[in-house]
Amino acid sequence: MQPLQYHAAAMLLVGAMIAVGAFAPVRGQAQGTLPATVQFLSADGTTTLTGFVYTPKDKRAERAPAVVMMHGRAGPYSTNVKNGGPYNASTLSKRHKMWGESWSALGYVAVLVDSFGPRGFPGGFGRHTINERPDAVNEVTVRPLDDYGALAYLRSRSDVAPDRIALQGWSNGGSAALAAMAVDAQRADPSGFRAALVFYAGCGLRGHFDAQGYRPYATVLAFHGTADEETSPRLCQKLVERSRALGGDITLKLYRGASHGFDDPGRQRVSANRNATADARASSEALFERVLTADLPR
């Protein structure tokens, strides 16, 4: 299966990844080993967030590139503990563990941010509840501040290259990532993130960018399945097309027949999801290899 593309040039990322050796084995967070639990302040100035940090065992440099990971509306934890906990590093969802371990194996420090638990909603929210969620977890006005709180935290670590940090978000967290990457959001941090990965986001963004349009200050690579049952690929298509017309460096990759959450390990029996996952992972790794690790001081 080939992904539908609005900008076919994005496929070159995969080739670039192979060319620079992004698949070279690097030992990272061992499977089954729990990530470290940390706490840091959101850029809202009041909320102490919880983060789960995956670190590479073998460093590619004294200071590693890093990734901030933002969960979706269901929260960072497994559905098995959704209603009663415990909510900790041992109960993270398989998708988040997979990505955290994958990034650390490639030599990155990755922090998964829990935006909901510290605000009293550790179990997250169900499908189609966007209009019922409290403004305390608003993905356009609040959660982007958590992105920047995590960015500041990573920059405080002696093992992280402070100018080589990127962002990744899924669904509601993807919307937060989009909002955080907007040009006007750069005020939260003058230098900001180097790039962002956005998986099946809700691209309506509560109408926040309807008037002026959306333009990111750095590269954004977005992914969506055409059979998404929760968020609209058409809205994302419109957002991206308008953004590119405004000069935004943003690309959308559409995958025929792939569902919402297509990269979830529990959804890989569907061939469209498997193919989408493989391509999205390769493209994600290639982009980060290009923008985060090129010429990385050893």
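Things worth noting here:
- Once both labels are positioned 7 Å from their Cα atoms along Cα-to-Cβ, the gap between Ala278 and Thr79 label points is 2.5 nm.
- Most to least packed among 129-140, 167-178 [average Cβ atoms within 10 Å]: 167-178, 129-140
- The H on the amide N of Leu92, modeled in the peptide plane, is under 5 Å from the matching H of Ser78, each at least 5 residues off or on a different chain.
- Distance (nanometres) between label positions extended 7 Å along Cα→Cβ at Glu230 and Ser271: 2.6 nm
- Mean Cβ neighbour count within 10 Å, used as a protection proxy, ranking 102-109, 47-54 highest first: 102-109, 47-54
- Cα-based radius of gyration of the chain once divided by 2.2 N^0.38 Å, which approximates compact folds: 0.91
- Furthest towards positive pole of dipole, Ala166, Ala150, Val240, structure part the stretch 133-263, Cβ charges: Val240
- Relative to the current alpha-carbon distance between Leu296 and Thr48, full extension at 0.36 nm per residue lengthens the span by 86.1 nm.
- Simple point charges give the picture: +1 on the Cβ of Lys and Arg, -1 on the Cβ of Asp and Glu, and for the chain a dipole about the Cα centre of about 460 debye.
- Label-reachable residues, the stretch 41-74, where backbone N falls under 16 Å from a point 7 Å from Ser156's Cα toward its Cβ: 41-53
- Ranked by the mean number of other Cβ atoms within 10 Å of their residues, highest first, the peptides 234-241, 35-42 come out as 234-241, 35-42.
- Using R0 = 25 Å, the C-beta based FRET efficiency linking Asp58 and Glu241 works out to 0.05.
Bear in mind that the values in this text are calculations on the coordinates, not laboratory data. This one's a predicted model, so the numbers in the text were calculated from it and none came from an experiment. A quick note on method: Cβ atoms are made from the backbone with ideal geometry, for glycine too, and the neighbour counts reach across all protein chains shown.
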